[in-house]
């Protein structure tokens, strides 16, 4: 699978498109006035502890306070022992932190909707090959490496580094580095390391360089945190265009095109220091056509905002995002197949499984996702559809988990959400329907007007009334509803006049007493 990355930079926003085999798979957007804060580290102050929720609100200097759960608190001292790490989840939050206490926290989920940023005290600083966890001592390895010999080699590289620093012998127990000679397990190094997928088959010297780089960043972050008062930011993650290069560039990347000369030069500098093998793949794009017109990226972004997604077979998906979850409904549409109904349903579900996996990445859908496949009778068909979904979702960089198909044909999928979905970044609630996706019919509004007139007349004296409403509603009141209006005038004994207000939405109206 060949991949290409397109980077579009303007003064207002940066957009990064990930292309696989000529098809847009992901779009990342960051606006200069509203940069994401995931990965940033803050010196925060505890503003409120909530024992009933086992959580706390932390002031980190943003518009809304951040939210910190007990499960996201690392209450282990960097010189603490193994048992403390294991039993941390059993402690209550009120025994761990107090109001007005200062602490270092990191954003793991951007503010979404009315919710503040999700925080953790398990700090981590990523580089190309390694993630440093300065206050959480352990060694982790990406599951995507999938090679036992390579995993052992990488683990030994970390152990060799630690041995060189501490000049002590180390062993591993449950992913925690321990000293062999001590009768009581004791963690001897300050911090842990997660080996990223990109580290596979990379020489030890480059990995050592990554570790040293991360240690220097952490030392400067720690030093800054001691100088600044709270709330304050003490570490900021890289901008989107560099962050994507760091995190997404793999060996199958064919080309990285950038349409900003300044960003191109920044990326070249970053690559020289951290990814020199990709220098010849980075290009400055200065053609007349906008870069995101390549591979019809702009059109794909527009399609990704639609509720309905067409399948090649003429079937389609309906994708609905709600605050609690996202639901995806699979339909055959006009597709009737060639053999029998079961075969038609099976082929539609297979195609939907691939399309759904792409839409999850493209729209950046996260949280709980319920997929309503068309009911299949054949158990083998069910398993193949599920396997197809698992295969394609497995290529997603975001962590996902998939359940079995239920008797109703439903599949529950969870996808890690750290940033707003594409829809929430580019759109806002409709001011007419307030996000419901529905508005009242003109007839319904007319009947509401009748009821409001009767209510007003019963409470206030007036010689006549003026109804101010949208053009559509007024037209119906003067045509289809004219007989009902005459009857109402007879009942209330007053004349009713009408006035169109072009700025009014269909549901909006006023009754003026004259």
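Surrounded by 14 or more Cβ atoms within 10 Å (Cβ to Cβ), touching a helix residue (DSSP H, G or I) at 6+ places or on another chain (Cβ under 6 Å) and within 30 Å of residue 156 (Cβ to Cβ): does that describe residue 285? Against the criterion (surrounded by 14 or more Cβ atoms within 10 Å (Cβ to Cβ), touching a helix residue (DSSP H, G or I) at 6+ places or on another chain (Cβ under 6 Å) and within 30 Å of residue 156 (Cβ to Cβ)), residue 285 does not qualify. When residues in segment 247-281 are screened for being under 27 Å from the mean Cα position of the chain (by Cα) and either in a strand (DSSP E or B) or modelled with pLDDT of 90 or more (or both), 12 of them pass.
Regarding segment 425-441, can at least one residue be identified that is in contact with a helix residue (DSSP H, G or I) (Cβ under 7 Å, 6 or more places away or on another chain), farther than 30 Å from residue 38 by Cβ and touching a residue at least 40 places away in the same chain (Cβ under 8 Å)? The answer is no, given that none of the residues of segment 425-441 is in contact with a helix residue (DSSP H, G or I) (Cβ under 7 Å, 6 or more places away or on another chain), farther than 30 Å from residue 38 by Cβ and touching a residue at least 40 places away in the same chain (Cβ under 8 Å).
Each residue in segment 191-237 was checked for being buried (at least 17 other Cβ atoms within 10 Å of the Cβ), free of Cβ contacts under 8 Å to residues at least 40 places away in the same chain and more than 20 Å from residue 273 (Cβ to Cβ), and 0 pass.
Please determine, by comparing only the residues of segment 471-494 that are touching a helix residue (DSSP H, G or I) at 6+ places or on another chain (Cβ under 7 Å) and part of a loop (DSSP other than H, G, I, E, B), which one is surrounded by the fewest Cβ atoms within 10 Å (Cβ to Cβ). The extreme case among them is 494.
Every test in (1) within 29 Å of residue 8 (Cα to Cα); (2) assigned by TED's automatic domain parsing to the domain that holds residue 380 is passed by residue 284 save one, and that test is (2). Looking at residue 100, is it at pLDDT 90 or above, surrounded by fewer than 19 Cβ atoms within 10 Å (Cβ to Cβ), more than 22 Å from residue 210 (Cα to Cα) and not assigned by TED's automatic domain parsing to the domain that holds residue 271? Answer is yes for this residue. Summed over segment 110-130, the residues that are at pLDDT 90 or above and not in a loop (DSSP other than H, G, I, E, B) give a count of 6. Of 356, 328, 345, 371, all but one fail to be surrounded by 21 or more Cβ atoms within 10 Å (Cβ to Cβ), modelled with pLDDT under 95 and closer than 20 Å to residue 406 by Cα; the exception is 345. Residues that are assigned to a loop (DSSP other than H, G, I, E, B), assigned by TED's automatic domain parsing to the domain that holds residue 323 and either within 30 Å of residue 494 (Cα to Cα) or in contact with a strand residue (DSSP E or B) (Cβ under 6 Å, 6 or more places away or on another chain) (or both) do not occur anywhere in segment 459-470. Among all residues of segment 398-410, there is at least one that is loosely packed, with under 15 Cβ neighbours inside 10 Å and under 17 Å from the mean Cα position of the chain (by Cα).
The rows are residues; the columns are (1) loosely packed, with under 14 Cβ neighbours inside 10 Å; (2) within 18 Å of residue 210 (Cα to Cα).
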site: 244; (1), (2): no, yes
site: 252; (1), (2): yes, no
site: 259; (1), (2): no, no
site: 265; (1), (2): yes, no
site: 270; (1), (2): no, yes
site: 275; (1), (2): no, yes
site: 289; (1), (2): yes, no
site: 294; (1), (2): no, no
site: 298; (1), (2): no, no
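Per the conditions (1) without any contact (Cβ under 8 Å) to a residue 40 or more places away in the chain; (2) in contact with a helix residue (DSSP H, G or I) (Cβ under 7 Å, 6 or more places away or on another chain); (3) not assigned by TED's automatic domain parsing to the domain that holds residue 115, the sole criterion not satisfied by residue 12 is (2).
Filtering segment 131-148 to residues that are within 25 Å of the chain's Cα centre (by Cα) and part of a strand (DSSP E or B) leaves 131, 132, 133, 140, 141. Taking segment 23-39 as the search range and keeping residues that are over 16 Å from the mean Cα position of the chain (by Cα) and at pLDDT 90 or above, which one is surrounded by the most Cβ atoms within 10 Å (Cβ to Cβ)? So the residue we want is 24.
The values are calculated or read from the model by the stated rules, or taken from the named source; none is laboratory data. No experiment lies behind these values; they were computed from the predicted model shown. Cβ coordinates were reconstructed from backbone atoms using ideal geometry, including for glycine residues, and neighbour counts include every protein chain displayed.
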